[in-house]
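Below is one structure, written out as structure tokens; comments come after it.
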């Protein structure tokens, strides 16, 4: 049997009901020969047994316990075959042309290592969830267009900084060149970290407005305002900057990075999460020696100049 051109891998944790939406939408994809795999991250809701009964044609990789989002994403990559790998959240519905459009864009742009879909809000499909990831020098990744009404203002394909991890297609060659998702992050910003490393290594990301998906958002982790989410966002942002900023960028951006941290502390005070913020900062500091060791490898293999990187960052805005 010929190796498929694309493997679509869904990462799921206690998401049996969510899979009832995303799997049928994968079955309706116009791209032929898509191999579908579900990586179950230690679910306790009977997902694995249910998949065997209801979706016998879907391949399942069942992890015995929850290993964290980032480690599970690496399992997803390892489970994939073919030239392209689609990594998908479980809280999605894909338009039938979504994967075909993403792969077509990658074939037309050989230096693109990844492609980002047009994400719309699952519950209000006139609202944008994200149209590619952007990055600002304060050290903050975010989704371009998030929360805006969709008036066609983002209907041009273009280079962006990175692809939101909810729906992204990666070129296997780029995954091999850039390396695995950094498992120290556990959850959150692991996709931004990979995108930053890809930009440094000379790989672009393409936003494809004709590739549409509908995203529920935070359906697995319980929303964006939990202590779990805040802790990992605050800690991982420190590592993201320390690991990936070239020395020249770090020197120039340090004032705005520090200002951004002041805003994070202000948010923690307002939300009465100073204890969570303090733990995140302490753990970020404890992890810095390992982060700096990984930084040396990232910076040693950098292919883009600081000026080229600055253009890439602006391209996502």
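Values quoted throughout were computed directly from the atomic coordinates according to the rules given, and no laboratory measurement underlies them. The structure presented is a predicted model; accordingly, all values stated were derived computationally and were not measured. Glycine also receives a Cβ, built like all others from the backbone with ideal geometry; neighbour counts cover every protein chain displayed.
In whole Å, how far is the Cα centre of segment 99-128 from that of segment 244-317?
27
Among 296, 235, 172, 143, what is the fewest-to-most ranking by other Cβ atoms within 10 Å?
296, 172, 143, 235
Mind pulling the angle between the C-alpha long axis of helix 190-200 and the longest principal axis of the chain? Nearest 10 degrees, somewhere in 0 to 90.
70
What is the helix-to-structure angle for 227-244, meaning the angle in degrees between its Cα long axis and the longest Cα principal axis of the chain, kept from 0 to 90 and rounded to the nearest 10?
Once rounded, the angle reads 70 degrees.
Using only Cα atoms, find the angle between the long axis of helix 247-270 and the longest principal axis of the chain, and express it within 0 to 90 degrees, rounded to the nearest 10.
80
List 239, 277 from most exposed to least, where exposure is judged by having the fewest other Cβ atoms within 10 Å.
277, 239
Give me 265, 297 ranked fewest to most by other Cβ atoms within 10 Å of their Cβ, as a rough exposure proxy. The partial results should precede the final answer.
Numbers: 265 15, 297 11.
The fewest-first ordering by Cβ neighbours comes to 297, 265.
So what is the calculated 222 nm ellipticity per residue for the chain, using -39500 (n - 2.57) for each DSSP H run with n of 4 or more, over all residues, to the nearest 500 deg cm²/dmol? Intermediate values should be presented prior to the final figure.
Numbers: 10 runs with 139 residues, N = 317.
My calculation for the chain gives -14000 deg cm²/dmol from helical runs alone.
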